[in-house]
1. Among what's in segment B:114-161 and is within 22 Å of residue B:78 (Cα to Cα) and over 17 Å from the mean Cα position of the chain (by Cα), pick the residue that is nearest to the other protein chains (Cβ to nearest Cβ).
2. Would you point out which residue out of B:136, B:185 is modelled with pLDDT of 90 or more and closer than 26 Å to residue B:226 by Cα?
3. Within segment A:349-378, how many residues turn out to be touching a helix residue (DSSP H, G or I) at 6+ places or on another chain (Cβ under 7 Å) and more than 25 Å from residue A:49 (Cα to Cα)?
4. So for segment B:53-68 (the condition being touching a strand residue (DSSP E or B) at 6+ places or on another chain (Cβ under 7 Å), in contact (Cβ under 8 Å) with a residue 40 or more places away in the chain, closer than 23 Å to residue A:405 by Cβ and part of a strand (DSSP E or B)), does at least one residue qualify?
5. Within segment B:123-162, can you find the residues that are touching a residue at least 60 places away in the same chain (Cβ under 8 Å) and surrounded by fewer than 24 Cβ atoms within 10 Å (Cβ to Cβ)?
6. Scan segment A:71-78 and tell me whether some residue there is within 22 Å of residue A:214 (Cβ to Cβ), crowded, with 17+ Cβ neighbours inside 10 Å, in the same structural domain as residue A:253 (by TED's automatic domain parsing) and at pLDDT below 90.
7. Given (1) assigned by TED's automatic domain parsing to the domain that holds residue A:140; (2) under 17 Å from residue A:65 (Cβ atoms), identify the lone condition not met by residue A:242.
């Protein structure tokens with residue numbers, strides 16, 4: 001029996017029972033469709049979290065101050081208020097380490113901002129000119145803080161779009177106007193482009209001023225709150241992290257690395273820990289959908305068993321005219337696989353439509369990967385084999401004499 | 001071409017052993033038209049299953065074209081059925097929702113005949129069995145009983161088997177259509193020298209053959225040769 005005969009037999013067998021075949025296929029369609037849709041939601045979440053982390057900049061190593069741990073006495077100050085990192089640390093990193101591309105130290109705090117009667121409470125970051133490169137920040141209107149601004153202790157400010165909207169109204173152009181931070185007047189020189197960051201602190205609700213100005217007029221100290229270090233490439237991040245650690249330890253005269261008065265976060269670490277959360281989410285959603293796939297598979301088995309019983313005489317006849325066991329089992333197995341395969345293809349299309357609908361109406365990012373499609377089609381074929389095997393074997397094992405006599 | 005030597009068949013069940021055949025021996029030559037006759041429970045169905053390679057005897061030798069088939073595996077038996085035997089059943093056993101042609105083609109699929117040749121062979125077999133050409137592409141469940149049995153005969157003929165085995169072929173037909181079917185067998189035997197074994201419980205049907213082997217309680221009780229063939233009287237039709 002050649003393959004094209006097998007397909008013709010299968011086609012006519014399935015076509016004869018249109019309603020039953022259709023309903024059985026529907027079970028697989030729902031199973032595969034929900035797997036595709038659910039996994040696309042999970043992978044979409046992974047993708048959007050990763051892109052918002054990547055929006056922080058690329059190849060970033062972030063050094064933040066921490067309290068110095070001393071034996072017997074625990075400093076109770078919170079991490080944010082610790083003042084162990086200073087501008088000279090940033091300069092040392094820039095000058096002494098070769099894997100460094102840019103260093104952007106910042107000092108930040110929340111202040112009440114007023115402008116023409118409107119007021120808001122937001123994050124004010126003292127930055128240097130390279131900050132926009134390091135953090136991937138684009139300027140929409142005007143210009144960013146320049147080296148000159150930092151050198152001159154200029155009282156200028158660049159606003160994030162959300163802050164601008166809060167203080168001056170949506171999509172207005174406030175360049176040249178002034179705002180007051182802690183009572184000190186700053187002239188607005190630029191507006192940054194919206195990044196739409198979510199979760200990890202919006203970079204849109206932010207005010208940037210020169211670092212030197214912030215240290216002099218706002219914090220009144222030499223300390224910085226974060227040193228953003230950009231590595232020359234992704235591969236050097238881990239080594240760079242180690243180099244910064246040993247450099248800062250020696251600068252701070254700390255011998256035991258467990259007593260370090262700073263901590264270093266690697267962007268890759270943040271991404272991987274976020275990914276592990278969203279992967280768990282994907283697996284959870286996928287396995288819930290997988291249950292419906294198994295139910296669909298049982299539907300296939302049920303239909304095939306009914307079919308085998310119904311067609312007992314036909315099986316007997318086929319055996320009488322010379323069909324071997326393998327011919328019979330191939331025929332029924334092909335029917336089962338064909339059902340799941342058709343269901344799998346329709347299910348992929350349905351799942352794709354559902355995920356489009358979810359992202360269109362639900363506003364959730366979804367992402368269909370080739371992998372999940374291949375997986376779904378593979379799984380549906382596999383289910384056909386698994387759930388079709390038993391009925392097919394039962395058909396093949398029928399005794400031709402008894403099968404012919406079957407009423 | 002067929003030789004049975006002391007064939008026995010014992011069925012074992014929970015109720016005990018049933019001795020369906022108790023040492024049956026006979027030989028059938030090429031081109032013979034033999035009826036195996038016996039009442040129900042005589043063992044004729046069991047004998048038919050063994051002759052048709054659907055079952056193996058418990059003991060004894062069954063030579064088909066000088067080859068002992070008593071000890072063959074299921075798959076080898078399937079090969080014998082495929083290449084050497086054509087079956088005609090009482091209840092026709094056609095695929096109901098397939099066309100006449102498709103039904104006749106079915107054995108050719110299993111014996112690996114190339115697609116292009118199948119339809120030609122099927123049409124030849126259908127003409128041989130006397131079915132009118134206008135029915136070739138009808139669905140088989142739209143035919144009358146007599147027409148269905150002709151399709152079944154064509155299906156048995158299509159592989160050009162050395163033996164046609166007909167199990168109560170007239171059992172589901174009225175007398176008149178039954179006559180026509182039996183006449184078809186007579187014609188195939190007389191004109192094409194085909195070997196035919198006809199299983200029946202009716203003397204009247206058996207008398208269409210040239211030889212009648214009578215079986216009762218698992219043993220052969222009679223073997224009449226050179227039967228004066230009953231000729232169908234068409235005058236009343």
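The values are calculated or read from the model by the stated rules, or taken from the named source; none is laboratory data. Every value quoted in this text rests on a predicted model; they were computed, and no experiment measured them. Because the Cβ atoms are built from the backbone with ideal geometry, glycine has one as well, and the counts that use them run over all protein chains shown.
1. Keep residues of segment B:114-161 that are within 22 Å of residue B:78 (Cα to Cα), which gives B:114-115, B:118, B:121-122, B:125, B:151-161.
Okay, now just the ones that are also over 17 Å from the mean Cα position of the chain (by Cα), so B:114-115, B:118, B:121-122.
On the way: B:114: 9, B:115: 8, B:118: 10, B:121: 14, B:122: 13 Å.
In this case the residue turns out to be B:115.
2. Details: B:136 fails: closer than 26 Å to residue B:226 by Cα.
Only one candidate passes the filter, namely B:185.
3. Count: 2.
4. Looking only at segment B:53-68, we keep the residues that are touching a strand residue (DSSP E or B) at 6+ places or on another chain (Cβ under 7 Å), and these are B:53, B:57-64, B:68.
Still in the list and also in contact (Cβ under 8 Å) with a residue 40 or more places away in the chain: B:57-64.
Checking the rest, the ones that are also closer than 23 Å to residue A:405 by Cβ come to B:57-58, B:62.
Retained after the next criterion (residues that are part of a strand (DSSP E or B)): B:62.
Yes, because at least one residue in segment B:53-68 is touching a strand residue (DSSP E or B) at 6+ places or on another chain (Cβ under 7 Å), in contact (Cβ under 8 Å) with a residue 40 or more places away in the chain, closer than 23 Å to residue A:405 by Cβ and part of a strand (DSSP E or B).
5. Answer for segment B:123-162, where residues must be touching a residue at least 60 places away in the same chain (Cβ under 8 Å) and surrounded by fewer than 24 Cβ atoms within 10 Å (Cβ to Cβ): B:128, B:159, B:161, B:162.
6. Restricting attention to segment A:71-78, the residues satisfying the condition of being within 22 Å of residue A:214 (Cβ to Cβ) are A:77-78.
Cutting the leftovers down to crowded, with 17+ Cβ neighbours inside 10 Å gives us none.
Within segment A:71-78, not a single residue is within 22 Å of residue A:214 (Cβ to Cβ), crowded, with 17+ Cβ neighbours inside 10 Å, in the same structural domain as residue A:253 (by TED's automatic domain parsing) and at pLDDT below 90.
7. Just one mismatch for residue A:242, condition (2).
A quick yes/no check of all residues on (1) surrounded by 18 or more Cβ atoms within 10 Å (Cβ to Cβ); (2) farther than 22 Å from residue A:224 by Cα; (3) modelled with pLDDT of 90 or more; (4) in contact with a helix residue (DSSP H, G or I) (Cβ under 8 Å, 6 or more places away or on another chain):
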position	(1), (2), (3), (4)
A:103	yes, no, yes, yes
A:110	no, no, no, no
A:116	no, yes, no, yes
A:158	yes, no, yes, no
A:173	no, yes, no, no
A:191	yes, yes, yes, yes
A:199	no, yes, no, yes
A:207	yes, no, yes, yes
